[in-house]
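Here's the structure we're looking at; comments come further down.
The values are calculated or read from the model by the stated rules, or taken from the named source; none is laboratory data. These numbers come from a predicted model, not from an experiment. Glycine also receives a Cβ, built like all others from the backbone with ideal geometry; neighbour counts cover every protein chain displayed.
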Amino acid sequence: MEDPSQTILNQVEFYFADTNLPFDKFLWSLTKKNDEGWVPISTIASFKRMREPVEKAGGADKVADILRQSSKLAVSEDGGNVKRVTELKPVTDRESRSIYAKGFPDETQSTQLDLENFFAKFGKTLAVRMRRDEKKAFKNSVFVEFESVDDAKKFLELPQEERRYNDSDLLTMAKDAYVEMKCKEKGITPGSGNKKSKGHFNAFKEENKKNKDSEKAAQPLTMTLMGKDIEVNKENGQFDESALQFTPGSVLKWSAPSSLGDMVFRDLKSSMKQHIEPSFVIVDDAKTNGMSGYKRPVEDGDISTLNNNVKVNDVAVSFTRPSQEEEKQYYLENAKNMAQAVLTRHNEAGKKRKGGGQNFGNKKQRRN
């Protein structure tokens, strides 16, 4: 029987290994609670797989000294925390070192350990993952990650009788072959990322997403006005008003009888559009007076055409040229409205990105 101290050392090294940590949502969340990646040893000692060896080793107080023997782990001076020594690196050949095996009996309390001992006979394994259904019931199959591609191939090439588990034949194949087979059965293109299926946690993907979101957040917020990009303050929607440019003579004032009320704003733009299309219309609170801007300078003939033809509910609307200051204020008001609209869209997009992130605190984690 393996020395409990060695069992503890092996298990904790596995928890922090490249092959496990980035795919363990709960443990990964603990490493992100501080800048150096420290995890409380008391938490790790409470994991189901750790309880028995910790008890046999003399209790949780002994774990820190045991972990100090590892070249892969660092223990804090007070013995309260543990972390990796090296920087986490993506594992690129994980699938090619992994196999699928099916045909095991129903789960018992010792199944995980029994499976690990069984596969250890065929080469060094980094993980034996019991596959479970949505209700966490054992599916009588496993994914086994060997340390090397050669060990995985050697296992698959063994005669059937040498791969029997408790006198039962096993169905075995390379993991990537199994995944490809299941994709064909379900009509899924391998690697397409089926959105309907519940994906497994992957720290590298989560970090990449956060980095992309951070890069996007760092980019300036701009609006385009008269062909020019103007930066908008992300906090309050303000902008450099001196950067505004507009075409002189491209704005008209208009007024309509007060009796038209709300009908003006609804019908005025469509009526103007038949003669010269406005790019933006601003109205007063009563919706009987306002200004309209155009993409080109308005000629005197255009004003006559509008005055002679634009009607709302058969009532004529009067068009005149504004003063230079009024024209400037029109474009400023237009720009302010546009800036607020750009800021609103930016904030709504940010809320959606945050809403789709990982929430480590709401769901209970199953620990082995």
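Scanning the stretch 8-44 for residues that are part of a helix (DSSP H, G or I) and either in contact with a Lys or Arg (Cβ under 8 Å, 6 or more places away or on another chain) or of a type in the set (Asp, Glu) (or both) yields Gln11, Glu13, Leu21, Phe26, Thr31. Looking across the stretch 298-310, just one residue is exposed (fewer than 14 other Cβ atoms within 10 Å of the Cβ) and either under 17 Å from Phe265 (Cα atoms) or among the aliphatic types (A, V, I, L, M) (or both), and that is Asn309. Each residue in the stretch 90-131 was checked for being surrounded by 14 or more Cβ atoms within 10 Å (Cβ to Cβ), assigned to a loop (DSSP other than H, G, I, E, B) and of a type in the set (Lys, Arg), and 1 pass. Of all the residues in the stretch 71-98, those that are in contact (Cβ under 8 Å) with a residue 40 or more places away in the chain, in contact with a strand residue (DSSP E or B) (Cβ under 8 Å, 6 or more places away or on another chain) and aliphatic (A, V, I, L, M) number 2. The residues listed here are Ser292, Ser242, Ser304; of these, the one that is assigned to a strand (DSSP E or B), polar (S, T, N, Q) and closer than 21 Å to Glu326 by Cα is Ser292.
Scanning the stretch 278-289 for residues that are of a type in the set (A, V, I, L, M) and either part of a loop (DSSP other than H, G, I, E, B) or at pLDDT 85 or above (or both) yields a single hit, Ala286.
In the set Ala64, Ala57, Ala17, which member is without any contact (Cβ under 8 Å) to a residue 24 or more places away in the chain and among the hydrophobic types (A, V, I, L, M, F, W, C)?
Values: Ala57 fails: without any contact (Cβ under 8 Å) to a residue 24 or more places away in the chain; Ala17 fails: without any contact (Cβ under 8 Å) to a residue 24 or more places away in the chain.
One residue alone meets the criteria, Ala64.
For the stretch 258-277, residues that are at pLDDT 75 or above and assigned to a helix (DSSP H, G or I) total 7.
The set of residues from the stretch 222-236 being in contact with a Phe, Trp or Tyr (Cβ under 8 Å, 6 or more places away or on another chain) and not in a strand (DSSP E or B) comprises Met226, Asn233. All of Glu145, Glu134, Glu87 fail the test of being surrounded by 17 or more Cβ atoms within 10 Å (Cβ to Cβ) and not in a helix (DSSP H, G or I), apart from Glu145.
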